[in-house]
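Q: Below you will find the structure I want to go over with you.
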Amino acid sequence: MKIKIIAAFVLLQTFLFASEGYKGFGLQVGEQGTGVFFHQTWRSSDKLQWLFHGKIFDVKGDEQMMIYDYYTGRYRSVGDKYVFIVPLFGGGKYFPFANQIANNFAPFVTGQLGPVLTIDGAESNTFSTRWGKSKGIWSVGGYAGVGVDFLMANGMMVSVGAGMDILPMNGIVDGEKHYNGAIIHVGFNWLR
């Protein structure tokens, strides 16, 4: 029940008091794995934007590596973790130097909070068995980071940032209590 209330609050705040903004997608690389994301921002003032940020994050194992299988003549991965993390965050971007920099870049600080769905796949070599017997676990997580928006003349924007994912689990998921870690992202945006 608490997760539903927090999720409703976070999503509601992203829609209040906002006007024009950007939407876009991007790629993320972090300590725990890689992912793709979608985000949308709404401009509240020159210094503040509200945002929604959803991503699909594929967790990699610490011992994961590629080996050559002499019997099949192909490379295969060993030490995999079959975990997908789907955070749905709402939050804000604060631009401390708004209207003070006369160039095409805008540094920002961001904080985000929201529900996190973790999908733990079964240990199996077949795709259908692995994901057919998977279980979903809900928790609440967040993100804090810094970045820079590079504004383009055609209404496009490239956003580069780094920060820390805070992804606690409700219980143990594939041997871990959390999947926290540093993360770097590159996003491509356009005016909506």
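Q: N125 versus (1) modelled with pLDDT under 80; (2) surrounded by 12 or more Cβ atoms within 10 Å (Cβ to Cβ): which is the lone unmet condition?
A: Only one criterion in (1) modelled with pLDDT under 80; (2) surrounded by 12 or more Cβ atoms within 10 Å (Cβ to Cβ) is unmet by N125, namely (2).
Per-residue answers, yes or no, for (1) at pLDDT 75 or above; (2) over 21 Å from N180 (Cα atoms); (3) under 19 Å from the mean Cα position of the chain (by Cα):
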site	(1), (2), (3)
V10	no, no, yes
G30	yes, no, yes
S44	yes, yes, no
G79	no, no, no
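Q: Looking at F52, is it of a type in the set (F, W, Y) and at pLDDT 80 or above?
A: yes
Q: From the residues in segment 55-74 that are among the charged types (D, E, K, R) and not in a strand (DSSP E or B), which one is modelled with the highest pLDDT?
A: K60
Q: Please count how many residues of segment 154-188 are assigned to a strand (DSSP E or B) and touching an Asp or Glu at 6+ places or on another chain (Cβ under 8 Å).
A: Residues in segment 154-188 being assigned to a strand (DSSP E or B) and touching an Asp or Glu at 6+ places or on another chain (Cβ under 8 Å): 8 in total.
Q: Only one of Y179, Y94 is more than 21 Å from T41 (Cα to Cα) and modelled with pLDDT of 85 or more. Can you tell me which?
A: None of the others qualify; the one that does is Y179.
The values are calculated or read from the model by the stated rules, or taken from the named source; none is laboratory data. What you see is a predicted model; the values in this text were computed from it and never measured. Quick reminder, even Gly has a Cβ in these numbers, built from the backbone with ideal geometry, and neighbours come from all protein chains shown.
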